């Protein structure tokens with residue numbers, strides 16, 4: 001890994017939660033993201049492995065633990081390796 005810390009907006013974009021870095025920055029500065037349970041309003045705040053992010057995405061609330069910072073916005077499988085989804089939907093369904 002190139003770095004062990006990265007801006008929140010850049011990480012959200014690289015992990016493919018937002019289509020653009022600008023949309024990720026808007027979500028953070030709009031007060032829609034919590035970092036380790038604390039409301040965060042600065043897109044430039046640094047995050048790293050072990051940090052937990054909580055934010056809305058569509059009609060659900062995402063809770064993810066950062067596993068890595070990455071070095072680019074790659075394909076979905078590469079992006080998926082950057083985080084652990086703490087509220088994954090149950091398998092099977094009903």
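The values are calculated or read from the model by the stated rules, or taken from the named source; none is laboratory data. Values in this document were obtained by computation on a predicted structure and should not be read as measured data. Quick reminder, even Gly has a Cβ in these numbers, built from the backbone with ideal geometry, and neighbours come from all protein chains shown.
I need the full set of residues from region 25-53 which are under 18 Å from residue 71 (Cβ atoms) and assigned to a loop (DSSP other than H, G, I, E, B), in order please. Steps first, answer last, please.
Taking region 25-53 first, the residues under 18 Å from residue 71 (Cβ atoms) are 46-49, 51.
The answer is 48, 49, 51.
Conditions tested, residue by residue: (1) surrounded by 17 or more Cβ atoms within 10 Å (Cβ to Cβ); (2) touching a residue at least 24 places away in the same chain (Cβ under 8 Å); (3) more than 16 Å from residue 85 (Cα to Cα); (4) touching a strand residue (DSSP E or B) at 6+ places or on another chain (Cβ under 8 Å).
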position: 26; (1), (2), (3), (4): no, no, yes, no
position: 31; (1), (2), (3), (4): no, no, yes, yes
position: 34; (1), (2), (3), (4): no, no, no, yes
position: 43; (1), (2), (3), (4): yes, yes, yes, yes
position: 48; (1), (2), (3), (4): no, yes, no, yes
position: 62; (1), (2), (3), (4): yes, yes, no, yes
position: 65; (1), (2), (3), (4): no, no, no, yes
position: 73; (1), (2), (3), (4): no, yes, yes, no
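Name the residue that is farthest from residue 54 (Cα to Cα), counting only residues in region 10-24 that are in contact (Cβ under 8 Å) with a residue 60 or more places away in the chain and assigned to a helix (DSSP H, G or I). Full working, then the answer.
Filtering region 10-24 down to residues in contact (Cβ under 8 Å) with a residue 60 or more places away in the chain leaves 11, 13-16.
Still in the list and also assigned to a helix (DSSP H, G or I): 11, 13-14.
Values: 11: 13, 13: 15, 14: 16 Å.
Once the filter is applied, the top-ranked residue is 14.
Of everything in region 70-91 that's under 19 Å from residue 34 (Cβ atoms) and either over 12 Å from the mean Cα position of the chain (by Cα) or part of a loop (DSSP other than H, G, I, E, B) (or both), which residue is modelled with the lowest pLDDT?
Taking region 70-91 as the starting set, the residues that turn out to be under 19 Å from residue 34 (Cβ atoms) are 82-88.
Still in the running and either over 12 Å from the mean Cα position of the chain (by Cα) or part of a loop (DSSP other than H, G, I, E, B) (or both): 82, 86-88.
Working: 82: 97, 86: 94, 87: 81, 88: 65.
Restricting to residues being under 19 Å from residue 34 (Cβ atoms) and either over 12 Å from the mean Cα position of the chain (by Cα) or part of a loop (DSSP other than H, G, I, E, B) (or both), the top hit is 88.
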